[in-house]
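Worksheet for the structure shown next.
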Amino acid sequence: MYRKGISLIYIGSLITLLFFLTPAIDNYRYNFFSKKGVAQEDMFYKTLGDIRKIFSDYSYIKADLYFHGGIYKKDEKECAKTEDAHGEDKCADDNEHFHKKNDKLSSVSKISILPYIGEIIRISKHMHLHGKEEQEILPWLYYSTRLNPENIDAYVTGSYWIGQRLNKPDEAIKFLREGLIHNPGSWEIYTQLGEVYFVNKKDYKKALFNFEKAYGLITDKNSDKFGKRELYSFLAASYENFGDIEKVLELYRKILALFPQDKAVQKKIISFQSRPLSQ
Amino acid sequence: MKYIEIEKLYVNYESKNSKEALQGLDLNVYKGQIYGFLGPNGAGKTTTIKIILGLIPRYKGKVLIMGASPDNLSVKQKIGFMPEIANYYWYLTPRELLYMYAQIFGISKKNALAKIEKLIDLSDLKDAADNLMRTFSKGMMQKVSFAQALINDPDLLILDEPTSGLDPVSRIKMRDVIKELHREGKTIFFSSHELSEVEMICDEVAIIKDGKLLRAGKLGDLLKKKGGSTTFESYFLSIIGDNYR
Amino acid sequence: MRQIWILAQNTIKALIRKKDFYVFFIMLLVLLVSLLSENFFGARNVSRYIKDIGFFCLWLFSFIIAVTFASKQLPEEIDSKTILPLLAKPVTRTHFILGRFLGTVLASSSAYTIFYFLYIVVTSIKGEGIAFSLVIQAYIMGICFLSLVSAISILLTLYLTLSAGITVSFVIYFAIIWFADKLRAIVISRTGIESVLLNIVYYVIPHYEFYDLRVRLAHSWEAFPLWVLSGVIVYTILYTSVVLYISCSKLKKKFL
């Protein structure tokens, strides 16, 4: 029994050490290969096959769930309300939470003790993470891209959080470049890359390069109006930095074609029309 | 005093197409007897033993063990049982199993440990007493089974095929132990397929077939009725109506 | 009572000598250490994913141990006929059920306690840790959960085979986790005879969803009030008692 126990502990320690080292080696390999531009092909993920796309989507949803404190959000209106009450949405103490619960429960017909206990235990409050807490969603975005390197949304969303909310633009750029290795034709990733250079790094030359790349990849078949508007807006701003007003106007007209009722864009067009075409 | 009193016992297992396992069985075992219980396979021997031990929840008829109901806990305190299929917890050693059973009987730790050592000696388990039972052969399990039946120093010992699976030397040892226990005043009720063993040890026998009692009584008296010159084996075959020879 | 305690001790010995617990322990250790060593874009003190995944795994492993252990108690004893020499001794069928139940609860709770301790140690290394009141609450809820699961698994094996019993236990668990909240919303919103009928259904089903505090632990929500914890403990005791009573009644009528 004693010898068997020692063997078990020995084997267990060996396995633990191996697994402890594996992520460290993996991170090193990730850094090394990312620089070299070689695609990452992990045996573990290969063995999962296509099912990893389902896990990848699940991880992406988990990131959203984490942003909402582990609770599935009901609708966008709640999200908007919560954002307006920035910093005040998470309950400061139990009393506030339970008074609110009681208010809700008293408004329906009497319920018995068991459903009442169930309602108390269940968390139903709507919240968003703020400040440093926002980094808690990163693991799921990371896993989402690891499980399915073709999950463009995960790269774009992840880099937004890394670059703009957590102020780590270099990490965001590295992340997006990895995304481009697996998705060389993704205008969304080029757009996001451009945004990181534009907003965080203030490197407008590189920003313009990436926006132009994205613009070259976008086709009419692409139905993402909001994504297109974002790209055109940033590209327009980049051209404005370099004084190319003709291109700025062209882009705002494209936005107006997508969103004819957008008054802000209409005003911008009028404003730019009064300027000389190149400065 | 009647240790086992069974009157018009009917048992039906209540499964589809099942016939009655016991049909009007009458049986009396007195204190201090060695009582043999014989019959072909499926006769109802194990069912009868289960009834005596209170393991069958529903039956018709009268069953009294030492004057009380079979599921009475104070009666069970005085019974030792050795089952036909000797199977015990593979993750225990014989010593641990015996200690567990001793605790169930409420035997103090000191007495239990002394008893266990004695039984391990008696059952020839000294070398294997601290090994997990997962590695035991059928014969060794049978020895463990016998030892656990004696842990509480029972007044009534019920043995179901006690020598099954034992080598010839162990069989002889087992028979000697049973005789010794009988000399100490224990009442022994055992079922067996070994007619020679029954002939050697028992005071009285009962022969059962298809749930019905065919013959019961002292061995000598039963053979006398058949002219005295017949062997027990021939007598048994003639009673159960087997035309094998 | 003595017989119940002795049988319970025997069950714990079985857990120690079978290898299941050690396998799960090593798996959990490897997983937690692996999660701890992950680096996400240089962000420090990212810890909720460890709390979430770690708790999910320890919960799942404890649940598997409880279900498989509890489900095996009766069928294995009956099939291998080890129950016969046991019940031939001054042990009633009620002692047997209660003894095996208690043993399963103690065994699975011991495993849960060790897993939980490991989990708390690992989660306190990185990030914000977990509030003490919530740690205690989650632990108690886990023990209650394992008791309920063990009782129901034992009951199921009196009506089903071993493998069917284990499968149904898992199916019931996942069904409750997925549908109980929706059912409760319906129960609350209805009135009259509909409400009465739905309430009956609601009271009959075992409420596994009460016990899983993973969201609270992982996302640093507050602990719920003491009276709710007491209510859940009372609910567990009552529900488990009813289930065990049915189990004892069923076993008493069973031909062995």
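Here are some notes:
- Qualifying position, being within 13 Å of residue C:66 (Cβ to Cβ) and within 14 Å of chain A (Cβ to nearest Cβ), among C:145, C:170, C:210, C:179: C:145
- Residue in the stretch B:99-111 that is under 21 Å from residue C:2 (Cα atoms), among the aliphatic types (A, V, I, L, M) and at the interface with chain C (Cβ under 9 Å from one of its Cβ atoms) present: yes
- Under the condition of being part of a helix (DSSP H, G or I), out of contact with any His (no Cβ under 9 Å at 6 or more places or on another chain) and in contact (Cβ under 8 Å) with a residue 60 or more places away in the chain, the residues counted in the stretch C:220-256 number 12.
- The stretch B:58-81 - residue that is in contact (Cβ under 8 Å) with a residue 60 or more places away in the chain and not aliphatic (A, V, I, L, M) and, of those, farthest from the other protein chains (Cβ to nearest Cβ): B:67
- A count restricted to the stretch C:189-213 and to residues that are among the polar types (S, T, N, Q), farther than 21 Å from residue C:231 by Cβ and in a helix (DSSP H, G or I) stands at 1.
- Number of positions in the stretch C:137-166 that are assigned to a helix (DSSP H, G or I), within 20 Å of residue C:246 (Cβ to Cβ) and not small (Gly, Ala, Ser): 14
- If only residues of the stretch C:29-38 that are more than 7 Å from chain A (Cβ to nearest Cβ) and under 23 Å from residue A:166 (Cβ atoms) are counted, the one that is surrounded by the fewest Cβ atoms within 10 Å (Cβ to Cβ) is C:36.
- Selection from the stretch B:122-151 of residues that are within 14 Å of chain C (Cβ to nearest Cβ), of a type outside the set (S, T, N, Q) and part of a loop (DSSP other than H, G, I, E, B): B:130, B:132, B:136, B:150, B:151
- Residue check for residue C:154: within 30 Å of residue C:94 (Cα to Cα), within 22 Å of the chain's Cα centre (by Cα) and either surrounded by fewer than 19 Cβ atoms within 10 Å (Cβ to Cβ) or at the interface with another protein chain (Cβ under 9 Å from one of its Cβ atoms) (or both): no
- Here the condition is being among the aliphatic types (A, V, I, L, M), out of contact with any helix residue (DSSP H, G or I) (no Cβ under 9 Å at 6 or more places or on another chain), more than 8 Å from chain A (Cβ to nearest Cβ) and under 15 Å from residue C:151 (Cα atoms); of C:238, C:244, C:251, it holds for C:238 alone.
- Selected residue (criterion: farthest from residue B:237 (Cα to Cα)) from residues of the stretch B:187-207 that are of a type in the set (D, E, K, R) and touching a residue at least 60 places away in the same chain (Cβ under 8 Å): B:203
- Members of the stretch A:176-205 found to be part of a helix (DSSP H, G or I) and of a type in the set (Lys, Arg), listed by number: A:177, A:201, A:205
- Residue list for the stretch C:76-95, restricted to those being of a type outside the set (A, V, I, L, M) and either closer than 20 Å to residue B:84 by Cβ or surrounded by 22 or more Cβ atoms within 10 Å (Cβ to Cβ) (or both): C:76, C:77, C:79, C:80, C:81, C:82, C:85, C:89, C:93, C:95
- Hits in the stretch C:19-62 - residues which are out of contact with any helix residue (DSSP H, G or I) (no Cβ under 8 Å at 6 or more places or on another chain) and under 16 Å from residue C:105 (Cα atoms): C:60
- Tabulated pairs, the stretch A:126-148, first under 17 Å from residue C:126 (Cβ atoms) and touching a residue at least 60 places away in the same chain (Cβ under 8 Å), second among the polar types (S, T, N, Q) and outside any helix (DSSP H, G or I), C-beta under 9 angstrom, 6+ apart or interchain: A:136/C:47
- Criterion: over 28 Å from residue B:30 (Cβ atoms) and buried (at least 20 other Cβ atoms within 10 Å of the Cβ) - qualifying residue of B:88, B:101: B:88
- Residue count for the stretch B:178-201, restricted to those that are of a type in the set (Lys, Arg) and either farther than 22 Å from residue B:1 by Cβ or buried (at least 18 other Cβ atoms within 10 Å of the Cβ) (or both): 1
- Verdict on residue A:173 being assigned to a helix (DSSP H, G or I), modelled with pLDDT of 90 or more, within 15 Å of the chain's Cα centre (by Cα) and within 14 Å of chain C (Cβ to nearest Cβ): yes
- When residue C:89 is tested against (1) part of a helix (DSSP H, G or I); (2) within 14 Å of chain B (Cβ to nearest Cβ); (3) over 30 Å from residue C:220 (Cα atoms); (4) modelled with pLDDT of 90 or more, exactly one condition is not met: (1).
Residue by residue, here is whether (1) more than 9 Å from chain A (Cβ to nearest Cβ); (2) of a type in the set (A, V, I, L, M); (3) surrounded by 18 or more Cβ atoms within 10 Å (Cβ to Cβ) holds:
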{"position": "C:8", "(1), (2), (3)": "yes, yes, yes"}
{"position": "C:16", "(1), (2), (3)": "yes, yes, no"}
{"position": "C:27", "(1), (2), (3)": "yes, yes, no"}
{"position": "C:40", "(1), (2), (3)": "no, no, yes"}
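- Conditions (1) surrounded by fewer than 18 Cβ atoms within 10 Å (Cβ to Cβ); (2) away from chain B (no Cβ under 14 Å): number failed by residue C:48: (1)
- Residues that are buried (at least 19 other Cβ atoms within 10 Å of the Cβ), within 14 Å of residue C:88 (Cα to Cα) and among the charged types (D, E, K, R) do occur in the stretch B:50-68.
- Residue within the stretch B:17-36 that is closer than 20 Å to residue C:94 by Cα and either at pLDDT 90 or above or outside the structural domain of residue B:104 (by the TED database) (or both) present: no
- Any hit, the stretch C:57-74, residues being at the interface with another protein chain (Cβ under 7 Å from one of its Cβ atoms) and at negative phi: no
- Single unsatisfied condition, residue B:32 versus (1) under 20 Å from residue B:187 (Cβ atoms); (2) assigned to a loop (DSSP other than H, G, I, E, B); (3) within 14 Å of another protein chain (Cβ to nearest Cβ); (4) in contact (Cβ under 8 Å) with a residue 60 or more places away in the chain: (3)
- Residue check, residue B:41 surrounded by fewer than 19 Cβ atoms within 10 Å (Cβ to Cβ), polar (S, T, N, Q), in the same structural domain as residue B:195 (by the TED database) and farther than 17 Å from residue B:3 by Cα: yes
- If you filter the stretch B:82-98 down to residues that are part of a helix (DSSP H, G or I) and within 10 Å of another protein chain (Cβ to nearest Cβ), you find that the one that is farthest from the chain's Cα centre (by Cα) is B:96.
The values are calculated or read from the model by the stated rules, or taken from the named source; none is laboratory data. Here the structure is a predicted model, which is why all the values come from computation and not from measurement. No Cβ is skipped: glycine too gets one built from the backbone with ideal geometry, and neighbour counts run over all protein chains shown.
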